[in-house]
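What follows is a set of notes on a single structure, which appears directly below.
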Amino acid sequence: ADTACKNRPLDLVFIIDSSRSVRPEEFEKVKVFLSKMIDTLDVGERTTRVAVMNYASTVRVEFPLRTYFDKASMKEAISHIEPLSAGTMTGLAIQTAMDEVFTEEMGTRPATFSIPKVVIVVTDGRPQDQVQDVAVSARTAGIEIYAVGVGQADMQSLRIMASEPLDEHVFYVETYGVIEKLTSKFRETFCAANVCALGTHDSEQVCVSNSGSYLCGCYEGYTLNADKRTCSAVDMCAPGRHECDQICVSNNRSYVCECYEGYALNPDKKTCSAMDMCAPGRHDCAQVCLSNDGSYSCDCYEGYALNPDKKTCSAVDMCAPGRHDCEQVCVRDDLFYTCDCYQGYTLNPDKKTCSRAVTSSLVTTEESCKCEAIAALQDSVTSSLEALATK
């Protein structure tokens, strides 16, 4: 009974061959088969999601898993699919499904949900590329492959790409005219008579079958409430929930790690390392940058002083009180200085201190000459006065 058996939730991708060997009227029958298949599925965002890919020598994703969650929209989109009409690159199509469709960005649910990933390939020919290695990679990645051959389809190729057991994963029909009869076979294959699939549970997010009964669970980033049915979002940055070294930032039921200023996030996206803040372009010091554990401070060259802005420098007066060690006189010389002494003192060898100069008791030659000149002048004046007196 249709009401008593619903398919288990799937992430289901149809890959349909539209190469030149598939005539237009046959391709229309493939589209009818897809629509009939969708009618048998329990389609929805939380049940079975469906994507359709179209391939020949190229591959086109008609719609990914995240686009439609109702049957009417899917069937409408399928009705507008056009054949590509050249080549049969089946391996390329399966590889594209792995790379571009079975991703969380495109609507595939996370592995923690345990939703089966299923591919149904419909083809009437022999692959023109290497399909074996690609199929092995897909199966190793957890993708279950069903191969449907029509007419002249190469049975060996179907068996190479399909999952084990082959008698449950390889189907064949003589013509596209009878492909619809496979609908009931797939319905039996996907049918899951359990409480979760029947929709008779009251789990808000995740239902897990358990020996004829069920348990409720929650999506990642949520926690089960005390009623054991509903879920509440958790703070992924709460202590003990994340692995960030410095800063945790909540991000759509997940989190990302960041670092304090002066630190950079390491390649593991969790831990942080101090940056050299004194590297060119990282600081705004005018003269000297001093790195300090993820930060920095500015300093100045000798003869300069740091301004109040703590970045720029100004030349200082080296002879200002307290800046030099001259005992008596400081003489400024650009950014340096020399010491000198008051009159009557001489600079000691240490070039800093001064000693009183020693005065000689001997009359210098110059002073002797001055005395003789004065005496000669005095004699001349005396003689002149005496001559005047005799007159």
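Data table
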| quantity | calculated |
| --- | --- |
| Alpha carbon convex hull of the chain, projected area averaged over orientations, nm² | 44.7 nm² |
| Reciprocal mean inverse distance between Cα atoms of region 276-316 - Kirkwood radius, Å | 10.3 Å |
| Segment E82-N266, length gained on full extension (0.36 nm per residue, minus Cα span) | 61.5 nm |
| Net charge of neighbours whose Cβ lies under 11 Å from the Cβ of A138, counting Lys and Arg as +1 and Asp and Glu as -1 | -1 |
| Positive-pole candidate from A135, C326, V249, dipole of the chain, charges at beta carbon | A135 |
| Antiparallel DSSP beta bridges within the chain, percent to nearest 5 | 60 percent |
| Within a Gaussian network of the chain (alpha carbon springs, distance under 10 Å), most fluctuating of L224, L92, L306 | L306 |
| Rounded, prolate or oblate (a/c below 1.5 giving rounded, otherwise prolate when a/b exceeds b/c) for region 10-190 by Cα gyration tensor | rounded |
| Highest to lowest packing among 133-140, 343-350, scored as the average C-beta count within 10 Å | 133-140, 343-350 |
| Helix-derived mean residue ellipticity, 222 nm - over the chain, DSSP H n ≥ 4, -39500 (n - 2.57), to 500 | -7000 deg cm²/dmol |
| Entries in K75/K117; K310/K351; K185/K228 that, when Cα-Cα distance is taken, lie over 29 Å | K310/K351; K185/K228 |
| Net charge, V178 excluded, C-beta distance under 15 Å - Lys, Arg +1, Asp, Glu -1 | -2 |
| Dipole-positive endmost among Y219, T108, P9 within the chain (Cβ charges, Cα centre) | P9 |
| Solvent exposure of the chain as accessible area per residue, Å², 1.4 Å probe | 58 Å² |
| Whole-percent carbon and sulfur share, accessible surface of the chain, 1.4 Å | 50 percent |
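The values are calculated or read from the model by the stated rules, or taken from the named source; none is laboratory data. In this text the structure is predicted, and so the values were computed from the model without any measurement. Here Cβ is always computed from backbone atoms with ideal geometry, including for glycine, and neighbour counts include all displayed protein chains. For the accessible areas, the whole protein counts, side chains as well, though only heavy atoms, and no ligand, DNA or RNA atoms are used. Shrake-Rupley method; radii C 1.70, N 1.55, O 1.52, S 1.80 Å.
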